[in-house]
Amino acid sequence: MDLRYGSMLKKSDLVKAQLEFALRITLFQDICEEGLDIKIYSYLRSSIEQAILYRKGRAYSRIEKKALELADVFERPGLAAVLLGVPAQFDKKVVTNAACGQSKHNYGLAVDCVPMKFRRAVWNDNILWDKIGFIAERCELEWGGDWKFKDKTHLQFPDLSWRDLIRLDKH
């Protein structure tokens, strides 16, 4: 499947991508079982859950600006209303650059995982994170550890843009 930004995406394309992503994640998990213990802790995320994450660490003026973009640029006033309607988040740190509708988690095309040792999450072991990134690449998954805004926990389907996905069901 090679659908790139700007293509006319159909719901059947999303279903095919979800199936392909499930196969790649299963392969990723199978390879990890050969010596790397991981836990997948986030998969499909609702628009409300994504809006809550996006609001963390941001001033309300930034939230309003993003809501206008969702409504005007992407013609998704419902997503704008969700973003404005979730309670204020008082965390000081920004945890995502993706508002509701802008994350592949919203479409079942992303997971978050963490390496484990002795049944405990290991957040600060770069060797383990590099192994996750290497295995993800072997499985043709995009790894957030390669991004400018590092998100080492994040794996996603690389062949579709959220800009196309957000236009799938405007109504």
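Which members of segment 113-171 meet the condition of being under 21 Å from residue 14 (Cβ atoms) and among the polar types (S, T, N, Q)?
156, 161
How many residues, within segment 118-148, are among the basic types (Lys, Arg) and not in a helix (DSSP H, G or I)?
The initial filter retains those residues of segment 118-148 that are among the basic types (Lys, Arg), namely 119-120, 131, 138, 148.
With the extra rule that they be not in a helix (DSSP H, G or I), the set shrinks to 119-120, 148.
Number of matching residues: 3.
Being modelled with pLDDT under 95, more than 17 Å from residue 47 (Cβ to Cβ) and open to solvent by 40 Å² or more (accessible area, probe 1.4 Å): is that true of residue 131 here?
It is false that residue 131 is modelled with pLDDT under 95, more than 17 Å from residue 47 (Cβ to Cβ) and open to solvent by 40 Å² or more (accessible area, probe 1.4 Å).
For segment 149-171, what are the residues that are at pLDDT below 95 and either basic (Lys, Arg) or open to solvent by 60 Å² or more (accessible area, probe 1.4 Å) (or both)?
Within segment 149-171, 149, 150, 163, 167, 169, 170, 171 meet the criteria.
If the Cβ limit is 6 Å and pairs must be 6+ apart or interchain, which residue in segment 91-120 that is within 11 Å of residue 156 (Cβ to Cβ) pairs with which residue that is aromatic (Phe, Trp, Tyr) and part of a loop (DSSP other than H, G, I, E, B)?
109/157; 111/43
Can you name every residue in segment 11-66 that is of a type in the set (Asp, Glu), without any contact (Cβ under 8 Å) to a residue 60 or more places away in the chain and not in a helix (DSSP H, G or I)?
Initially, segment 11-66 is screened for residues of a type in the set (Asp, Glu), giving 13, 20, 30, 33-34, 37, 49, 64.
Cutting the leftovers down to without any contact (Cβ under 8 Å) to a residue 60 or more places away in the chain gives us 30, 33-34, 49, 64.
Selection gives 33, 34.
So residue 108 fits all but one of (1) touching a helix residue (DSSP H, G or I) at 6+ places or on another chain (Cβ under 9 Å); (2) on the phi < 0 side of the Ramachandran plot; what number is the exception?
(2)
Does segment 149-168 include one or more residues that are among the charged types (D, E, K, R), more than 25 Å from residue 19 (Cβ to Cβ) and in contact with a strand residue (DSSP E or B) (Cβ under 9 Å, 6 or more places away or on another chain)?
Yes, the conditions are met somewhere in segment 149-168.
With respect to residue 121, is the statement that it is aliphatic (A, V, I, L, M) and open to solvent by less than 20 Å² (accessible area, probe 1.4 Å) true?
no
Considering only residues of segment 73-93 that are hydrophobic (A, V, I, L, M, F, W, C) and surrounded by fewer than 14 Cβ atoms within 10 Å (Cβ to Cβ), which is nearest to residue 142 (Cα to Cα)? Working first, answer last.
Of all residues in segment 73-93, those hydrophobic (A, V, I, L, M, F, W, C) come to 73-74, 79-84, 86, 88, 90.
Filter again for surrounded by fewer than 14 Cβ atoms within 10 Å (Cβ to Cβ), leaving 73, 88, 90.
Numbers: 73: 26, 88: 31, 90: 30 Å.
Residue satisfying both the conditions and the ranking: 73.
Could you tell me whether any residue of segment 94-112 is out of contact with any Cys (no Cβ under 9 Å at 6 or more places or on another chain), surrounded by fewer than 12 Cβ atoms within 10 Å (Cβ to Cβ) and over 17 Å from residue 42 (Cα atoms)?
So the first thing to find is which residues in segment 94-112 are out of contact with any Cys (no Cβ under 9 Å at 6 or more places or on another chain), and the list is 94-105, 107-112.
Filter again for surrounded by fewer than 12 Cβ atoms within 10 Å (Cβ to Cβ), leaving none.
Looking through segment 94-112, none of the residues is out of contact with any Cys (no Cβ under 9 Å at 6 or more places or on another chain), surrounded by fewer than 12 Cβ atoms within 10 Å (Cβ to Cβ) and over 17 Å from residue 42 (Cα atoms).
The values are calculated or read from the model by the stated rules, or taken from the named source; none is laboratory data. Every value quoted in this text rests on a predicted model; they were computed, and no experiment measured them. Note that we place each Cβ from the backbone using ideal geometry, even for glycine, and neighbour counts take in every protein chain shown. Ligands, DNA and RNA are stripped out before the accessible areas are found, and what is left, the full protein with its side chains, is counted by its heavy atoms. Shrake-Rupley method; radii C 1.70, N 1.55, O 1.52, S 1.80 Å.
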